[in-house]
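Each remark here refers to the structure printed beneath this line.
The values are calculated or read from the model by the stated rules, or taken from the named source; none is laboratory data. Here the structure is a predicted model, which is why all the values come from computation and not from measurement. Quick reminder, even Gly has a Cβ in these numbers, built from the backbone with ideal geometry, and neighbours come from all protein chains shown. Protein only, heavy atoms only, side chains kept; ligands, DNA and RNA dropped before computing areas. Shrake-Rupley method; radii C 1.70, N 1.55, O 1.52, S 1.80 Å.
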Amino acid sequence: MGDWGFLSKLLHKVQIHSTVVGKVWMTVLFVFRIMVLGAGVEKVWGDEQSNMVCDTKRPGCRNMCYDQAFPISHIRFWVMQIIFVSTPTLVYLAHVLHIIHQEKKMRENLQNNSETKTLKVPKYTNEKGKTFIRGVLFRSYMINLVVRVLLETAFIIGQYYLYGFVLYPKVECRSYPCYEKVECFMSRPKEKTLFILFMLVVSCVSLLLNIIEIVYLLCARAERRRIASPTAPATTLAMNHKTFC
């Protein structure tokens, strides 16, 4: 559904400024969501409304039954989920690029001025452009993860309340313009149920990875503070000088 190339390029840039767990999350997003959605799911669903068969020929009745069963199609729902879940990461990328640009100017000022005592020193990036997730970047990254967790949870709950996780072959409706009970039948319900369950599992894995990354960052930060305490040996401080956060 559409070209995912632009979003994929942006998310690929985020990998450079993410943790190991964040890189795994990106892989899950690319391979098991975007690629599967584009390669398989769209062909399985197609135009679901035209494939629905009802036991009435009354004008508008089939449209009403489809709207009752699917307030939003599964494909559009998953596309929205991918876009919403990816948005906090793209905001974090914009923040990282802003920090890199600022610290690049700092280095230029340090090189061009002999009096460096009054100038700010870069602390989030090195000369090679590598970023360190600490300070304001740590807070930005944590906000990104927390928002992703909330969005993943909201979409999983929303999918359950919209149409559940199993696609039943028969849909019954009675509302206008169907004056009596009408039965409609979906095409390939078992195959579609498998895709629904697959996308649900991928969402749960993505949610779990986000939670693991939050715990990982908090533990790493706590360890860094413990090492940086006055009681820590000098050799230990030197060994852990390159901690990412």
Top-ranked residue of the stretch 173-186 - restricted to ones that are touching a strand residue (DSSP E or B) at 6+ places or on another chain (Cβ under 8 Å) and assigned to a loop (DSSP other than H, G, I, E, B), ranked as surrounded by the most Cβ atoms within 10 Å (Cβ to Cβ): M186
Cβ pairs under 7 Å, 6+ apart, first in the stretch 64-88 and in a helix (DSSP H, G or I), second at pLDDT 85 or above and charged (D, E, K, R): V85/R148; V85/E152; P88/R148
Kindly evaluate P169 against the criterion of being touching a Gly at 6+ places or on another chain (Cβ under 6 Å) and either open to solvent by 30 Å² or more (accessible area, probe 1.4 Å) or touching a residue at least 24 places away in the same chain (Cβ under 8 Å) (or both). no
Quick check on this structure: which one of V205, V149, V121 is at pLDDT 85 or above and either part of a loop (DSSP other than H, G, I, E, B) or surrounded by fewer than 18 Cβ atoms within 10 Å (Cβ to Cβ) (or both)? V205
With L97, L10 as the choices, which residue is at pLDDT 80 or above, surrounded by 12 or more Cβ atoms within 10 Å (Cβ to Cβ) and either out of contact with any His (no Cβ under 6 Å at 6 or more places or on another chain) or in a helix (DSSP H, G or I) (or both)? L97
